[in-house]
Each structure stands twice: as structure tokens, then as C-alpha cells.
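Participant: One structure, pasted below without further comment.
What follows is calculated from the coordinates using simple rules that are stated; it is not laboratory data. Just so it is clear, the model here is predicted, and its values are computed rather than measured. Here the Cβ is made from the backbone with ideal geometry for all residues, glycine too, and neighbour counts use every protein chain on show.
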Amino acid sequence: MTSSPNSVDVYFEIGQKRTFASAIKWPGWCRSGRDEVAALQDLFAYGPRYAQVLHAAQIEFRPPSAVSTFVVIARHAGNATTDFGAPDILLRVI
């Protein structure tokens with residue numbers, strides 16, 4: 001799937017109890033929830049805080065203005081680490 005320049009590509013790591021949504025091009029911008037919807041909402045809500053960190057590092061970043069900005073490009077099965085509360089799956093991006 002190809003995303004637009006204003007979109008944010010994300011992938012899910014889906015465990016039995018917890019799901020992580022991670023922004024592919026923005027390392028560290030990753031949040032979890034009980035399901036995909038909750039994980040995306042948390043990722044969106046965390047955008048302004050993530051922007052503050054990047055601003056301090058002099059990296060240009062504008063958080064998205066809507067959850068619909070996220071484009072899910074992959075879903076991967078999680079494991080016990082996922083359910084414990086930490087992301088554990090690495091996405092191969094070429």
C-alpha cells in the first residue's frame with residue numbers, strides 16, 4: 001500500500017492481550033492498547049509529546065491532526081513480550 005506525503009505509515013504487533021501501533025519512519029513513536037483502535041488512538045494522542053522531544057533535538061515533526069492520517073501497512077502476530085507490555089517484533093522495511 002502506498003501512502004500520501006501527509007500520512008503516517010504504521011504497523012501493528014498484535015498479542016492476545018495487547019496491541020502495539022508503531023510509526024515506521026519515526027523510531028520510538030509507539031503506543032499500545034487493548035486492540036488496534038485503542039492502540040491507534042493512543043499513538044495519535046501521544047503525537048504532541050513525541051513532537052516536543054523531536055523539537056528539543058531540532059528534528060522537524062508535526063503530529064497528525066486526525067487518526068485517519070495513519071495508514072496501516074502491516075499486521076504481525078505478537079508474543080508473550082507483547083502481552084507483557086513491550087514491543088518485540090521488528091518490521092523489515094526496504
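Participant: What number of residues in the range 54-94 are surrounded by 14 or more Cβ atoms within 10 Å (Cβ to Cβ), among the hydroxyl-bearing types (Ser, Thr, Tyr) and within 18 Å of residue 26 (Cβ to Cβ)?
Facilitator: Residues meeting the conditions: 1.
Participant: List the number of the failed condition for residue 51; all other conditions in (1) surrounded by 14 or more Cβ atoms within 10 Å (Cβ to Cβ); (2) within 9 Å of the chain's Cα centre (by Cα) hold.
Facilitator: So residue 51 meets the others, but not (2).
Participant: Quick one: is residue 53 assigned to a strand (DSSP E or B) and at negative phi?
Facilitator: No: the conditions fail for residue 53.
Conditions (1) farther than 13 Å from residue 72 by Cα; (2) outside any loop (DSSP other than H, G, I, E, B); (3) touching a Ser or Thr at 6+ places or on another chain (Cβ under 9 Å); (4) touching a residue at least 24 places away in the same chain (Cβ under 8 Å), marked per residue:
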| residue | (1), (2), (3), (4) |
| --- | --- |
| 9 | no, yes, yes, yes |
| 12 | no, yes, yes, yes |
| 17 | yes, no, yes, yes |
| 22 | no, yes, no, yes |
| 48 | yes, yes, no, no |
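Participant: I want to confirm something. Restricting to the range 5-26 and keeping residues that are more than 22 Å from residue 60 (Cα to Cα) and basic (Lys, Arg), which single residue is surrounded by the fewest Cβ atoms within 10 Å (Cβ to Cβ)?
Facilitator: Selected residue: 17.
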